[in-house]
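**Q** Below: one structure in structure tokens.
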Amino acid sequence: MPSGRTGKIPGLEQAVRARPESAQAHFKLGTAFKELGQLTKAEEALRKATELDPSMYEAWVNLGGVLFARWDFAGSVEANRKAVECDPECVRGHYNLGLGHLYLNRPEEMVESFKRVVELDKENAGGHHHLAIVQNALGDLNQAIISLERAKSLGFSPDPSFIKEIEKALSRRESEGGVVSFEIDNHPREDSSD
């Protein structure tokens, strides 16, 4: 007899058989398969959920996550775009859109996505961090530093290589006669409240 997380699957499959037109039943089954790493089955169930209820943003987000895990970044972006069309305040949908745009090398769209994340959830450290990455890549060093400092103040520990990249950009700007208006504080803060 199955145990642990796999033990839920037979009951969820039975619920789908009992109510094949239930988007919620397919969503729960797809989510369980996703948690188990059974991505093909997860995708199938989540696609059925979105087919039955195209307004179920949670199913679109989870489908986007499955597609992302399968390296189908364009599919992930499309699924998450549908999620945020259903619920424009779906933080996870905007976040996942930003990650998809990162892997598709679409920096302007990535900025839009992560700006929306931090508008909706000012405490989203990952959103601030990813915003800093793309702002730096686009040459907006001042904004990148602001976003990075905000991410750090929320407890995010950026990769040391990114800190070095910012420091090099600051050094280049200073050597070119630019005004350095920010400094990177590389040490964790004891009090991270704003």
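No value in this document is a laboratory result; all are computed from the given coordinates. Just so you know, these numbers come straight off a predicted model, no measurement behind them. Every residue, glycine among them, receives a Cβ derived from its backbone with ideal geometry; neighbour counts consider all protein chains shown.
**Q** Angle between the Cα long axis of helix 125-137 and the longest principal axis of the chain, 0 to 90 degrees, nearest 10?
**A** Rounded to the nearest ten degrees, it is 60.
**Q** Sticking with this one: Along the positive direction of the dipole of the chain (beta-carbon charges: Lys, Arg +1; Asp, Glu -1; about the Cα centre), which of Gly126, His26, Pro10 reaches farthest?
**A** Of Gly126, His26, Pro10, it is Pro10.
**Q** Once the Cα atoms of helix 57-69 and of the chain are each reduced to a long axis, what angle between those two axes, in degrees from 0 to 90 to the nearest 10, is obtained?
**A** Tilt relative to the chain: about 70 degrees.
**Q** Using only Cα atoms, what is the ratio of the radius of gyration of the chain to 2.2 N^0.38 Å?
**A** Values: Rg = 20.4 Å, N = 194, 2.2 N^0.38 = 16.3 Å.
Scaled against compact globular proteins, the figure is 1.25.
**Q** Does region 115-160 come out rounded, prolate or oblate by the C-alpha gyration tensor, with a ≥ b ≥ c the root eigenvalues, rounded set by a/c under 1.5 and, if not, prolate when a/b is larger than b/c and oblate if not?
**A** Values: a/c = 1.96, a/b = 1.21, b/c = 1.62.
The shape class here is oblate.
**Q** Order the peptides 98-110, 157-169 from the highest to the lowest mean number of other Cβ atoms within 10 Å of their residues. Intermediate values should be presented prior to the final figure.
**A** On the way: 98-110: 18.5, 157-169: 13.3.
Ranking, from highest mean packing down: 98-110, 157-169.
**Q** Can you check what the Kirkwood hydrodynamic radius comes to for region 1-86, Cα pairs only, in Å to one decimal? Before the final figure, lay out the partial values.
**A** Details: mean 1/r = 0.0791 Å⁻¹.
Every distinct Cα pair counted, the radius reaches 12.6 Å.
**Q** Which pairs, out of Lys115/Lys164; Lys82/Lys122; Lys41/Lys152; Lys34/Lys122; Lys8/Lys152, put more than 31 Å between their alpha-carbon atoms? Don't skip to the answer; put the middle values down first.
**A** On the way: Lys115/Lys164 24 Å; Lys82/Lys122 23 Å; Lys41/Lys152 38 Å; Lys34/Lys122 28 Å; Lys8/Lys152 39 Å.
Pairs exceeding 31 Å: Lys41/Lys152; Lys8/Lys152.
**Q** Going by alpha carbons, how many degrees (0 to 90, nearest 10) lie between the helix axis of 91-103 and the longest principal axis of the chain?
**A** 70 degrees
**Q** What aspartates and glutamates does Lys28 reach when the alpha-carbon gap must be under 15 Å and sequence neighbours fewer than 8 apart in one chain are set aside?
**A** List returned: Glu13, Glu43, Glu44, Glu51, Asp53, Glu58.
**Q** Which whole-angstrom value gives the distance between the alpha carbon centres of region 81-130 and region 27-80?
**A** 18 Å
**Q** Only helical DSSP H runs with n ≥ 4 go in: add -39500 (n - 2.57) per run for the chain, normalise by residue count and round the 222 nm mean residue ellipticity to 500 deg cm²/dmol. Numbers along the way, then the final one.
**A** Working: 10 runs with 134 residues, N = 194.
That calculation yields -22000 deg cm²/dmol at 222 nm.
**Q** GluC sites (Glu not before Pro) within region 1-92: which are DSSP loop residues with at most 14 other Cβ atoms inside 10 Å?
**A** Numbers: sites: Glu13, Glu21, Glu35, Glu43, Glu44, Glu51, Glu58, Glu78, Glu85, Glu89; in loops: Glu21, Glu89.
Taking region 1-92 and a limit of 14 other Cβ atoms within 10 Å, the loop GluC sites (Glu not before Pro) found are Glu21, Glu89.
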